[in-house]
Amino acid sequence: MKPRLILTRMVVAPVIARMQRDYDTLMPDGTMDTATALAAARSHNADAIFFSSKLKLTQETIAALPGSVRIAASCSVGYDHIDVAAARARGLVVTNTPEVLTDCTADLAFLHILCACRRVRENMAIMEQGWRRGFGMDEMLGTRVAGKTLGILGMGRIGRAVAQRARGFGMKIVYHDVAPLPDELAQGATYFPAFREMLPHCQILTLHAPGGAGLNGIMNAETFGLLPQGAVFVNAARGALVDEDALIDALRSGHLAAAGLDAFRNEPAYDLRLRDIPNLFLTPHMGSATMETRIAMGYRALDNLDAFFAGRHVQDSLW
Ligand code: 8YV
């Protein structure tokens, strides 16, 4: 008998094929909301849930899961949508998918650094409007990337992968995290024990910290104000890290030269005032969105389910 699984949100074909081969899978009709997922888990008498950050596994939702569900595998590295303590208390194994999306997420963060600095959104708009007026050599100037000091909040796998890319651009790297990295991982990056003290040094700042209560709104009027005049800000991590009113003020006042966002406080219904700021480069939470990475994420989630149902060690268990 195959374990019974519900899939709450569509994933790529190779992952579906493996899932349907090995699990009695209930497929979603679109993306399931919480009520639909709970009803599906009950009607399918599910042993497991394959989900993503679109489904919030709150204490309340975990309590409402039918007793048959013993594992929930999230197809994401972030797990701020999961109440891990409540899952543990209920004996529900919860897993994520680290490592496999590091490179693609770092690529997208670096793309935001380049696009924000080089005013790609405004340049694209000029081309789309037909570009009929030549520019003086003093117009449409961006910010040079090479040689700049890049500040990284969060020097985990993704932060380090961004640093690796930045070294190729001759950038100096400063970082803040809860503790300094060993030299072989820091690779010459300078550690700041106090985040605020790092900010005045950051000509470009990129966030790679997890979401969750502790860092909520860590970028606010005060911390944006500590960045040097003309700094560039990028967030491809979690929207909750940023006070978006303060970001809008910092861009409108010209304190920030430009910014790039792949993560928003409200997704998908992001604050449309952000859309109207021309020097803000925007993408709709696409860090891991390549075919290769989405296959690897799906396989990693299935590896966790397979291990659980085979009674083996579950490598990405969150407790
Ligand atoms: C996912 C992400 O696309 O892995 C994460 O934490 O933010 C993205 O890779 C997202 O979680 C799926 O909704």
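Computed from the coordinates by the stated procedures, all read-outs in this text should not be read as laboratory data. Just so we're clear, the structure is a prediction, and the values are computed from it rather than from any experiment. For neighbour counting, all protein chains shown are included, and Cβ atoms are generated from backbone atoms with ideal geometry for every residue, glycine included.
A few comments on the model shown:
- Annotation: the antiparallel percentage among DSSP beta bridges lying fully within the chain is about 5.
- Rounded to the nearest 20, the Cβ-based charge dipole of the chain about its Cα centre (Lys and Arg +1, Asp and Glu -1) stands at 400 debye.
- Of the GluC sites (Glu not before Pro) found in region 106-213, those in coil by DSSP whose Cβ has at most 16 other Cβ atoms within 10 Å are GLU139.
- Within region 99-122: backbone nitrogen closer than 19 Å to the GLN164 label point (7 Å, Cα to C-beta): 99-114
- If the chain linking ARG42 and HIS313 were pulled fully straight, counting 0.36 nm for each residue of separation and taking away their Cα-Cα distance, it would gain 94.9 nm.
- Cα-based helix-to-principal-axis angle, 13-22 vs the chain, degrees rounded to 10: 20 degrees
- Relative contact order computed over region 102-282 (Cα-Cα under 8 Å; 6+ residues apart), in percent: 23 percent
- Sparsely packed loop sites in region 207-304 (the trypsin sites (Lys or Arg not before Pro) outside DSSP H, G, I, E and B with at most 15 other Cβ atoms within 10 Å) comprise ARG273, ARG275.
- Averaging Cα coordinates gives a centre for region 246-319 and one for region 157-218; these two points are 18 Å apart.
- Residue with peak Gaussian network fluctuation, the chain [Cα springs, cutoff 10 Å], from PRO200, PRO268, PRO182: PRO182
- Nearest-ten-degree value, helix 157-168 long axis tilted from longest Cα axis of the chain: 30 degrees
- For region 123-136, 3J(HN,Hα) per residue [Karplus equation, 6.51 cos²θ - 1.76 cosθ + 1.60, θ = phi - 60°, Hz, x = Gly/Pro]: 5, 5, 4, 4, 5, 5, 7, x, 5, 10, 10, x, 9, x
- Taking the chain and dividing mean pair separation by its residue count, relative contact order in percent (alpha carbons under 8 Å, at least six apart): 18 percent
- Using R0 = 25 Å, the C-beta based FRET efficiency linking HIS255 and ALA186 works out to 0.25.
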